[in-house]
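All remarks here apply to the structure that follows.
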Amino acid sequence: MKTDFLQYQAQTSPHPLMVDVSHAKGSYIYDTDGKSYLDFVAGVSACTLGHCHPKVVKAVQEQTEKYMHVMVYGEYIQSPAVQLSKLLAEHMPAPLDCTYLVNSGTEAIEGSLKLAKRATGRSQLISAVNAYHGNTQGSMSVMGAEHRKQAFRPLLPDVDFIRFNNEEDLQKITHRTAGVLLETIQGSAGFLPPQNDYLAKVKKRCEEVGALLILDEIQPGFGRTGTLFGFEQYNVVPDIVAMGKGMGGGMPVGAFSASKKYMHLLSDGPKMGHITTFGGHPVIAAASLATLKEVLESDLMQQAVEKEALFKKLLQHPKITDVRGRGLMLAMMVESEDLANHIILKCMEKGLILFWLMFEPKAVRITPPLTISKEEIAIGCKLILESIEEWKA
């Protein structure tokens, strides 16, 4: 299987980890040799309720027995998509009352950028240095890392960048700006939260010049930071919210939400201003609805805050310089890139899954399922500390 994997399936890096997955359940992934791996990554923040959560599995099974794909997005009334959109509207602040369901986070970004241009009639887009919003052409255009884009240019024109948490750069937002796109918490840059009411100040500047604020909640969203969406903790309401990853409980999904006033613009002038074949797919929407209900009806968001504190208490070592982030969106910072690589690979040998961050080589990603137990956290942290002790620089 590993030979066929390398031969026939396109790769994203020269050295994939190549765990040959047999099955996954709860906080664990199992390989075909019977080895178990405690999962501190959750499919890169995607498996909000762990692996094969019974409520998600049940929702998927029940929907597949009713109908699957029947029509392109937006033409037929399909109950799971309608219920999901309504429940989101009920739990987001005004005026965010309308949701467009798509297939992934990067498509949510693409739709958000188009909506900002359509609503304002402007062309300039502003993002942040070291931002990551996906890898399709539009999303890559607003990625704040030139070394990852150069091989694929030309990309979208009229894109500028500001430094996250730098208030001086807000003057770059002008009457030419259609939209300012920021991650609520910068992910690939090292899980950097906004400081000093930064996001509210960005929104104020956007209002002054008539630009729209788009917040990327693809990682922080759906309870990961202790609230349904991360922006709820930072005194700001964006004009557009992009979401994905943990929204589907392990199924592929994305969405962007805005006011009905703005979202209507994608349906006329021109018609089908944004269109997708499989967006709002009934099986995916059913899984997403089950995930959202569980996050809202359980105490998982409160637990995320408690578990954050536990991680920060347990991950104490002279070679750990910081544990950044909010809730269960954490980055353990260490002294060097080599040490970070050692920890990730050594822990995999020990049966603990960790991962890297794209633009911060000294970071170790810790984004477990929200359902992870405190006992499992303690087990994993012990393995991390053991791996650090085994490090020989």
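Just so you know, all these numbers are worked out from the coordinates, no wet-lab data involved. Remember, predicted model here, so these are calculated numbers, not experimental data. With ideal geometry, Cβ positions are generated from the backbone for all residues, glycine too; neighbour counts draw on all protein chains shown.
In table form, for the structure just shown:
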{"quantity": "Candidate aspartates and glutamates for bridging to Lys260, where Cα separation is under 14 Å - those fewer than 8 sequence places away on the same chain excluded", "calculated": "Glu90, Asp97, Asp239, Asp268"}
{"quantity": "Between helix 105-120 and the chain: long-axis angle, C-alpha atoms, 0 to 90°, nearest 10", "calculated": "20"}
{"quantity": "Whole-number percent relative contact order across segment 19-147, with pairs defined as alpha carbons under 8 Å at least 6 apart", "calculated": "12"}
{"quantity": "Per-residue Cβ neighbour rank within 10 angstrom, fewest leading, Glu167, Glu390", "calculated": "Glu390, Glu167"}
{"quantity": "Among the listed pairs Lys203/Lys312; Lys201/Lys307; Lys35/Lys66; Lys307/Lys350; Lys55/Lys346; Lys172/Lys271, those beyond 28 Å (Cα-Cα)", "calculated": "Lys203/Lys312; Lys201/Lys307; Lys35/Lys66; Lys55/Lys346; Lys172/Lys271"}
{"quantity": "Helix-only CD estimate at 222 nm, as mean residue ellipticity for the chain, using -39500 (n - 2.57) per DSSP H run (n ≥ 4)", "calculated": "-10000 deg cm²/dmol"}
{"quantity": "Approximate shape of the chain as ellipsoid semi-axes (Cα gyration tensor, √5λ), whole Å, largest first", "calculated": "33, 26, 20"}
{"quantity": "Dipole moment magnitude, nearest 20 debye, the chain about Cα centre, only Lys, Arg, Asp, Glu C-beta charged", "calculated": "500"}
